[in-house]
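Below is one structure, written out as structure tokens; comments come after it.
The values are calculated or read from the model by the stated rules, or taken from the named source; none is laboratory data. In this text, all values refer to a predicted model and were calculated from it rather than measured experimentally. Using ideal geometry, Cβ is built from the backbone for each residue, glycine included, and neighbour counts are taken over all protein chains shown.
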Amino acid sequence: MAASARERDYSLTGAAAALAVAAGLADAEWYRPPVDPERLRALTERNNWRPARDTALWLALLGGTGTAAFMSLGTWWAIPAFAAFGALYGGSADPRWHENGHATAFKAKWANDVFYHLAAFMLLREGTLWRWSHFRHHSDTIIVGRDAEISFPRPTRLGVLLLNYLNLINGPKMLWLMAQHAAGRTDPTTRELVPEEDFGRVTWEARAYLSLLAGVVAWAVASGTVLPLLFFGLPSFYGAWMIWFFAITQHAGLKEDVLDHRLNTRTVYMNPVFRFLYLNMNYHLEHHLFPSVPYYNLPALHEEIKAYLPPPKPSVLAAYKEIVHALRMQRRDPTWELPAPYLPPGGTPPSPRLPGEVDRGEPPAPPLSEVDLGPSGAFLPGQVVRIDREGSSYALYCLAANDFALTDGLCTHAGTHLADGHLEGHVIECPKHNGRFDVRTGEAIRRPATVPLRSYPVRTVGGRVVADLRPNLSRQPVPPP
């Protein structure tokens with residue numbers, strides 16, 4: 001979709017937002033390559049030991065470089081020491097924020113939450129606001145007027161880009177926004193992204209973050225030295241270059257307003273050190289296609305689906321060459337785009353959802369009662385099967401041998417098929433935004449999902465799985481007000 005003017009409005013409250021909705025680009029269905037369901041299920045499994053190891057190493061490096069920086073004060077060695085510390089603090093915290101925000105790093109929920117908020121504070125990102133912003137980024141990736149995380153608008157101004165390598169533009173903006181939120185004021189972009197029931201959480205998080213920063217400033221004033229700020233606060237600025245070093249490879253220069261991540265997201269092969277610092281987010285296309293797969297399984301996922309993807313960039317240098325060329329051309333002509341790569345056939349074609357096309361608030365048409373879904377022995381424990389019948393979609397969950405649950409098949413947040421999600425115990429995770437539901441009751445137990453699913457009676461009779469597709473009203477949780 002070509003731009004009609006030299007500069008587009010990338011805000012979430014301007015004309016481009018309404019145009020994106022009218023064009024069916026908001027919360028649309030995206031291309032998805034085929035992958036064996038059992039293999040995908042294995043790749044989606046999380047554990048605690050791998051992220052614990054990687055997090056411990058990151059924290060150890062932070063402590064080691066911080067100690068080296070302190071010990072080298074007054075010498076030239078302080079410059080590289082603080083540079084390394086800042087990169088780990090204000091740069092490598094970004095993929096930790098990202099993976100724990102998806103709740104795919106650790107299997108343990110509390111660990112994801114703790115390290116998410118730690119990294120958010122280190123990056124000056126308000127936790128709740130940025131969580132909802134990233135949900136939108138995955139719903140509407142590089143859709144102008146919908147995606148708040150388009151870091152390289154057209155035309156990209158070189159001066160702005162260079163200043164942001166030290167966080168000198170975004171950093172003050174985030175602090176000012178934090179101050180507004182702490183005062184109880186909610187800006188239009190926050191109102192667009194965050195549900196009203198979370199406004200109070202945004203306010204108290206902003207107050208907590210600012211209180212911590214104010215404490216560091218008071219410590220520096222009381223001690224008569226800038227040293228505390230060099231370790232807490234300022235690394236969010238002088239270490240931000242590492243965020244941009246990696247982030248520019250994700251989407252910069254690629255297509256806007258398309259429903260195929262293969263056209264707006266790139267994968268770049270990187271060396272093991274970069275992959276550790278970046279937590280395998282160089283496999284960024286794979287991450288957008290299957291965001292439920294934890295970072296440590298992305299290389300294996302890449303091998304499974306690479307036949308359906310454009311060739312990855314062989315190195316960071318190759319990616320930068322393409323990006324610099326694209327940004328230079330788009331500076332002259334914002335409608336200029338890189339030639340479309342060859343896209344192998346296969347997968348689910350994108351289909352825009354027009355406004356009002358899907359109404360998840362109404363129950364499905366009255367279906368037949370006591371529907372035979374097949375032999376119980378055909379389903380494996382942990383398997384999720386999509387059932388389409390009478391114009392409605394359902395998800396059948398095999399919790400254990402002869403133990404089944406059945407719910408509506410579409411996530412109540414963005415209409416994604418839950419049969420493509422990750423089932424762990426009796427909890428299904430949406431494959432698009434990692435929202436979670438208790439499949440036994442339909443209750444929404446992790447945001448962004450807040451509206452419950454309908455559940456349906458299901459039982460085994462004579463070795464067959466039989467369901468009553470009338471909603472199990474006795475087990476329907478009450479949706480939040």
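Just one of the numbered conditions (1) at negative phi; (2) exposed (fewer than 15 other Cβ atoms within 10 Å of the Cβ) is not true of Gly184: (1). Listed by first and then second residue, the pairs linking a residue in region 29-40 that is more than 16 Å from His302 (Cβ to Cβ) to a residue that is not in a loop (DSSP other than H, G, I, E, B), with Cβ atoms under 6 Å apart and 6 or more places separating them unless they lie on different chains, are Glu29/Ser351.
Counting only helices (runs of 4 or more DSSP H) wholly contained in region 263-311, no element carries 1 or more residues that are farther than 18 Å from His422 by Cα and of a type in the set (Gly, Ala, Ser). Looking at Pro272, Pro291, can you tell me which residue is at pLDDT below 95 and not polar (S, T, N, Q)? So the residue among Pro272, Pro291 that is at pLDDT below 95 and not polar (S, T, N, Q) is Pro291. In region 8-20 there is no residue that is more than 27 Å from Arg96 (Cβ to Cβ) and free of Cβ contacts under 8 Å to residues at least 40 places away in the same chain.
None of Gly63, Gly86 is within 27 Å of the chain's Cα centre (by Cα), assigned to a helix (DSSP H, G or I) and over 30 Å from Lys255 (Cα atoms) except Gly86.
Suppose we filter Arg53, Arg46 for residues that are surrounded by 14 or more Cβ atoms within 10 Å (Cβ to Cβ) and either closer than 27 Å to Trp97 by Cβ or out of contact with any Leu (no Cβ under 8 Å at 6 or more places or on another chain) (or both); which single one remains?
Details: Arg53 fails: surrounded by 14 or more Cβ atoms within 10 Å (Cβ to Cβ).
Only one candidate passes the filter, namely Arg46.
Residues in region 229-244: is at least one in a loop (DSSP other than H, G, I, E, B) and farther than 22 Å from Leu123 by Cβ? Before the answer, list the steps.
Here is the first cut: in region 229-244, the residues in a loop (DSSP other than H, G, I, E, B) are 232-234, 239-240.
With farther than 22 Å from Leu123 by Cβ added as a condition, the list becomes none.
Taking every residue of region 229-244 in turn, none turns out to be in a loop (DSSP other than H, G, I, E, B) and farther than 22 Å from Leu123 by Cβ.
Okay, residues lined up against (1) more than 21 Å from Leu338 (Cβ to Cβ); (2) within 15 Å of the chain's Cα centre (by Cα); (3) not assigned by TED's automatic domain parsing to the domain that holds Trp49:
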{"site": "Thr265", "(1), (2), (3)": "no, yes, no"}
{"site": "Val268", "(1), (2), (3)": "no, no, no"}
{"site": "Asn271", "(1), (2), (3)": "yes, no, no"}
{"site": "Pro291", "(1), (2), (3)": "yes, yes, no"}
{"site": "Pro299", "(1), (2), (3)": "yes, no, no"}
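Rundown of residues vs (1) among the small types (Gly, Ala, Ser); (2) over 23 Å from Ala148 (Cα atoms); (3) at pLDDT below 95, yes/no style:
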{"position": "Thr190", "(1), (2), (3)": "no, no, no"}
{"position": "Ala222", "(1), (2), (3)": "yes, yes, no"}
{"position": "Leu229", "(1), (2), (3)": "no, yes, no"}
{"position": "Phe237", "(1), (2), (3)": "no, no, no"}
{"position": "Ala240", "(1), (2), (3)": "yes, no, no"}
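Would you check if Leu124 is modelled with pLDDT of 95 or more, under 30 Å from Gly200 (Cβ atoms) and touching a Gly at 6+ places or on another chain (Cβ under 8 Å)?
Details: modelled with pLDDT of 95 or more: yes; under 30 Å from Gly200 (Cβ atoms): yes; touching a Gly at 6+ places or on another chain (Cβ under 8 Å): yes.
Against the criterion (modelled with pLDDT of 95 or more, under 30 Å from Gly200 (Cβ atoms) and touching a Gly at 6+ places or on another chain (Cβ under 8 Å)), Leu124 qualifies.
For region 376-422, taking the residues that are touching a Ser or Thr at 6+ places or on another chain (Cβ under 6 Å) and not in a strand (DSSP E or B), the one that is nearest to Pro294 (Cα to Cα) is identified as Ala414. Note on region 405-414: residues that are farther than 14 Å from Thr441 by Cβ and in contact (Cβ under 8 Å) with a residue 24 or more places away in the chain total 4. Residue check: is Gly171 in contact with a Ser or Thr (Cβ under 8 Å, 6 or more places away or on another chain), more than 13 Å from Leu129 (Cβ to Cβ) and touching a residue at least 40 places away in the same chain (Cβ under 8 Å)? The answer is yes for Gly171.
Within region 379-403, restricting attention to residues that are under 15 Å from Arg464 (Cα atoms) and small (Gly, Ala, Ser), the residue that is surrounded by the fewest Cβ atoms within 10 Å (Cβ to Cβ) is Ala400.
Could you say whether any residue in region 103-119 is over 17 Å from Cys430 (Cα atoms) and among the acidic types (Asp, Glu)? Within region 103-119, one or more residues are over 17 Å from Cys430 (Cα atoms) and among the acidic types (Asp, Glu).
Comparison of Asp372, Asp408 shows that the only residue that is modelled with pLDDT of 85 or more and touching a Lys or Arg at 6+ places or on another chain (Cβ under 6 Å) is Asp408. Of the residues making up region 13-30, not a single one is within 26 Å of Ile243 (Cα to Cα), charged (D, E, K, R) and assigned to a loop (DSSP other than H, G, I, E, B).
I'd like to know if region 254-264 contains one or more residues that are touching a residue at least 24 places away in the same chain (Cβ under 8 Å) and on the phi > 0 side of the Ramachandran plot. Yes; the residues of region 254-264 include at least one that is touching a residue at least 24 places away in the same chain (Cβ under 8 Å) and on the phi > 0 side of the Ramachandran plot.
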